[in-house]
């Protein structure tokens, strides 16, 4: 009798089960898309949803926060949660929900965001058309208007990274990075003085120049320099650790 081949059960492991919050988020997403609630209308309260879904209110809160990060709902303190309408391209994959609802130390979120930006800078140089390059240049030009407003400058930088993702031509990665940007958007931006702002604008301009020349290596290198500067500023802004 022929001997049966060995089987590696490591490759047959079942994927981890979704958390209750992820399951609730999916149920709410289905509800919003069912047509039972229109754009601008208030959805049932946290207490009502917890009763209907037979889960704790904290679980409902997590799920609603995830939908808010995806831009599907708006949470108005003291007034309730309102459906904003369908957002094009929002398909909540398991990966995205895990990012949204799982533990997410800020340094890991920023690291993921920045490493994707380096990748996209190179891809944009190869795949980006002149229209997208023009859009990216317009964003860089806008940086100077926000030199005294770190939060606004951070929003412009986020637009820059999202345009790089768009120019990469990879819709799946673009969608995932949009989620990461939503997560990192609430993280404080370090203060910048005028000289630092000028250097930052010049660094972003170097990325655009590399893309315009179709020089992927130059575009990636310029983006890597921006990432290194970002981490240096974050380190300086961090509170000192207590000595032993």
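The residues listed here are 62, 111; of these, the one that is within 19 Å of residue 176 (Cβ to Cβ) and either modelled with pLDDT under 75 or under 21 Å from the mean Cα position of the chain (by Cα) (or both) is 111.
A quick yes/no check of all residues on (1) exposed (fewer than 15 other Cβ atoms within 10 Å of the Cβ); (2) at pLDDT 90 or above; (3) under 15 Å from residue 83 (Cα atoms); (4) in contact with a strand residue (DSSP E or B) (Cβ under 6 Å, 6 or more places away or on another chain):
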position: 3; (1), (2), (3), (4): yes, no, no, no
position: 9; (1), (2), (3), (4): yes, no, no, no
position: 14; (1), (2), (3), (4): yes, no, no, no
position: 18; (1), (2), (3), (4): no, no, no, no
position: 45; (1), (2), (3), (4): yes, yes, yes, no
position: 49; (1), (2), (3), (4): no, yes, yes, no
position: 52; (1), (2), (3), (4): yes, yes, no, no
position: 55; (1), (2), (3), (4): no, yes, no, no
position: 72; (1), (2), (3), (4): no, no, yes, no
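With respect to the stated conditions, residue 194 fails to be under 30 Å from residue 23 (Cα atoms), surrounded by fewer than 17 Cβ atoms within 10 Å (Cβ to Cβ) and either at pLDDT below 85 or not assigned by TED's automatic domain parsing to the domain that holds residue 226 (or both).
The values are calculated or read from the model by the stated rules, or taken from the named source; none is laboratory data. These figures come from a predicted structure and were not determined experimentally. As a convention, Cβ positions derive from the backbone with ideal geometry for all residues, glycine included, and neighbour counts pool all protein chains shown.
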